[in-house]
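Here the structure comes first, spelled out in structure tokens, and everything after it is commentary.
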Amino acid sequence: MKLTVRIAALICCFLLGTLSCVSVNLGDHTAKRAKGVSVSPPGQPFSAQAREDVDAAWKNNKNGNLISYLSDCQDETDPSLDNIVEGALAGLSGLHLESTQNPTILGREGRRVAATGKVDGVPTQIDLLAFKRNRCIYLLSYVGVERSFALDHAHFDTFIQGFRAP
């Protein structure tokens, strides 16, 4: 499943970038991205990041927290929401699910998961939302190191509210 490989790579790239290490892009760029997506970018202290591994990303440069979204409109396997989430969290060792919700997003069933774990020994938290709409998979995520995760979490909730997929 190409989407989950890219999101796992995103988590690793986030942490490597936060820790000022060299990052290697492991993502597959052959996905067909969704057209016509409308977002309300998170405000300050976030700034847009040019990344090839996601459709769009915004980073708080002070603490490294990252909000992003990824779409894939050509995954022929049609994975379940649980499989999408499972794959996205595969990069976290010592994974602990804090919460799982099944919200309705743009008229579709979604899966929102908050989790903690470690990437390369660094305590990490993630809040992600997966849903499908019109033959596309969408994965919205907020990733941060444990010590600063709560500082920007409200920005992610606002981002989700302003996200529109065709």
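The values are calculated or read from the model by the stated rules, or taken from the named source; none is laboratory data. Source: prediction; values computed, not measured. Note that we place each Cβ from the backbone using ideal geometry, even for glycine, and neighbour counts take in every protein chain shown.
Summary of values
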item: Qualifying residue in the range 107-120 (condition: farther than 26 Å from Ser47 by Cβ, in a helix (DSSP H, G or I) and either touching a Gly at 6+ places or on another chain (Cβ under 8 Å) or not small (Gly, Ala, Ser) (or both)); result: no
item: Among residues of the range 132-166, those that are surrounded by 20 or more Cβ atoms within 10 Å (Cβ to Cβ) and hydroxyl-bearing (Ser, Thr, Tyr), counted; result: 3
item: Among (1) modelled with pLDDT of 95 or more; (2) of a type outside the set (Asp, Glu); (3) over 26 Å from Gln161 (Cβ atoms), the one test that Thr100 misses; result: (3)
item: Output for the range 64-75, where each listed residue is modelled with pLDDT of 95 or more and in a loop (DSSP other than H, G, I, E, B); result: Asn65
item: So Leu129, is it surrounded by 21 or more Cβ atoms within 10 Å (Cβ to Cβ) and of a type outside the set (Gly, Ala, Ser); result: yes
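Residue-wise test of (1) of a type in the set (D, E, K, R); (2) out of contact with any helix residue (DSSP H, G or I) (no Cβ under 9 Å at 6 or more places or on another chain); (3) closer than 19 Å to Ala114 by Cα.
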{"site": "Gln125", "(1), (2), (3)": "no, no, yes"}
{"site": "Phe131", "(1), (2), (3)": "no, no, yes"}
{"site": "Arg135", "(1), (2), (3)": "yes, yes, no"}
{"site": "Glu146", "(1), (2), (3)": "yes, yes, yes"}
{"site": "Leu151", "(1), (2), (3)": "no, yes, yes"}
{"site": "Thr158", "(1), (2), (3)": "no, yes, yes"}
{"site": "Arg164", "(1), (2), (3)": "yes, yes, no"}
